[in-house]
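Enquirer: Would you mind keeping the following structure in view while I ask a few things?
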Amino acid sequence: MDTFVKISNQSQGRDRIFRATQYACALLKYLLRNSSERKKLLAKLQSLESSMSSGRKLLRLGNTVSAIETAKRTIHLADPVLNLCLTIANINRALYFLCDNVLWARSLGLVRDIDAERWSRNASRFYFVTLVLNLTRDVYETSQMMAQRARDKHMQERMRQHLNQSPEVAEVLVPQLDAFLFLLQESFRDNPAVALDTLKNICDLFIPMNHLGIYKTNGGVVGFCGLVSSLLGIVTLLKPSLKIKP
């Protein structure tokens, strides 16, 4: 209970609880789609999912300004790759939230003369670009960690021992691939924040790809991926050390 109170007292925490509930409803709806005896439950899940979506839009009203402020900070990063990826990602994130705010205003009748579908697709495009850039940053961070460990003499010795102790693996994987996977595993083990962020971004990527038709899937996959990424987001709130920086 204390954990729930801690999360719900934060704006980000409330958003992620709402998001987890929203996608859990989407997943349950898909799993129960062929059950004619549970139409009332499906209607309730639909209503709850819609309420969570509307609640999240309300909570995100100030996020456009927050994303712009974050972009102002990341543009001063010394690393050119992080500078470029994070700054452009945050600009796209701000544009995504702007579209989201306009759609929220339209749902309340505050704005009428707009094409909701067009704004929704634009929001998905900005969200997709944001995730691609965030994943690029994750790949860059991972490659940097792996390169650093590859130069470490202790790690080189551990890698040789691993390859010598796993001759059966060599029959399936070439030594270079096995060494790559070993370094990747060790890098993620030493820096779980990068591993969690990579998994979260991969899960999130299915949502805009499905909406934009880049990779069509179903409500079950979208619901599952959204739920997993939401739970990972809650974990990073509970343990800030697991949140990737900067």
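The values are calculated or read from the model by the stated rules, or taken from the named source; none is laboratory data. Predicted, not measured: the structure shown is a model, and the values here were computed from it. Quick reminder, even Gly has a Cβ in these numbers, built from the backbone with ideal geometry, and neighbours come from all protein chains shown. Side chains included, ligands, DNA and RNA excluded: accessible areas come from the protein's heavy atoms. Shrake-Rupley method; radii C 1.70, N 1.55, O 1.52, S 1.80 Å.
Enquirer: Could you give me the residue pairs with C-beta distances under 8 Å whose first residue belongs to segment 175-202 and is under 29 Å from LEU238 (Cβ atoms) and touching a residue at least 12 places away in the same chain (Cβ under 8 Å), whose second residue is surrounded by 15 or more Cβ atoms within 10 Å (Cβ to Cβ) and of a type in the set (Asp, Glu) wherever it lies, and which are 6+ apart or on separate chains?
Expert: ASN191/GLU141; VAL194/ASP138; VAL194/GLU141; ASP197/ASP138; THR198/ASP138; ASN201/ASP138
Enquirer: Any residue in segment 44-63 that is under 16 Å from GLY223 (Cβ atoms) and touching a residue at least 24 places away in the same chain (Cβ under 8 Å) sitting within a Cβ distance under 8 Å of a residue that is among the basic types (Lys, Arg) and in a helix (DSSP H, G or I)? List the pairs, counting only those 6 or more apart or interchain.
Expert: GLU49/LYS29; MET52/ARG19; ARG56/ARG19
Enquirer: Let me ask another. Of all residues in segment 203-224, which are in contact (Cβ under 8 Å) with a residue 24 or more places away in the chain and not β-branched (Val, Ile, Thr)?
Expert: Answer for segment 203-224, where residues must be in contact (Cβ under 8 Å) with a residue 24 or more places away in the chain and not β-branched (Val, Ile, Thr): CYS203, ASP204, LEU205, PRO208, MET209, HIS211, LEU212, ASN218, GLY219, GLY220, GLY223, PHE224.
Enquirer: Across segment 175-212, what is the number of residues that are of a type outside the set (A, V, I, L, M, F, W, C), open to solvent by 40 Å² or more (accessible area, probe 1.4 Å) and over 19 Å from PRO246 (Cβ atoms)?
Expert: Residues flagged as of a type outside the set (A, V, I, L, M, F, W, C), open to solvent by 40 Å² or more (accessible area, probe 1.4 Å) and over 19 Å from PRO246 (Cβ atoms) within segment 175-212 amount to 5.
Enquirer: A follow-up question, please. So which residues in segment 87-98 are in contact with a Lys or Arg (Cβ under 9 Å, 6 or more places away or on another chain) and of a type outside the set (A, V, I, L, M)?
Expert: Answer for segment 87-98, where residues must be in contact with a Lys or Arg (Cβ under 9 Å, 6 or more places away or on another chain) and of a type outside the set (A, V, I, L, M): THR87, ASN90, ASN92, TYR96, PHE97.
Enquirer: In a helix (DSSP H, G or I), aromatic (Phe, Trp, Tyr) and modelled with pLDDT under 80: is that true of PHE18 in this structure? Outline the logic, then answer.
Expert: Values: in a helix (DSSP H, G or I): yes; aromatic (Phe, Trp, Tyr): yes; modelled with pLDDT under 80: no.
Answer is no for this residue.
Enquirer: Sticking with this structure for a sec: Pairs only if they're at least six apart or on different chains, beta carbon under 9 angstrom, first in segment 118-136 and closer than 16 Å to ALA67 by Cβ, second open to solvent by 30 Å² or more (accessible area, probe 1.4 Å) and hydroxyl-bearing (Ser, Thr, Tyr); list them, first residue then second.
Expert: Within 9 Å, the pairs are ASN122/TYR96; ALA123/TYR96; ARG125/TYR96; PHE126/TYR96; TYR127/TYR96; VAL129/TYR96; THR130/TYR96.
Enquirer: Considering segment 205-226 alone, what residues qualify as being closer than 18 Å to TYR30 by Cβ and under 10 Å from the mean Cα position of the chain (by Cα)?
Expert: Result: PHE206, ILE207, CYS225, GLY226.
Enquirer: Please pick out the residue among LEU77, LEU84, LEU58, LEU48 that is surrounded by fewer than 18 Cβ atoms within 10 Å (Cβ to Cβ) and outside any helix (DSSP H, G or I).
Expert: Within the list LEU77, LEU84, LEU58, LEU48, the selection yields LEU77.
Enquirer: Name every residue in segment 101-137 that is buried (at least 20 other Cβ atoms within 10 Å of the Cβ) and of a type in the set (D, E, K, R), in order of residue number.
Expert: Listed by number, the list holds a single entry, ARG137.
Enquirer: Which one of ARG125, ARG158 is at pLDDT 80 or above and basic (Lys, Arg)?
Expert: Testing whether each residue is at pLDDT 80 or above and basic (Lys, Arg) leaves just ARG125.
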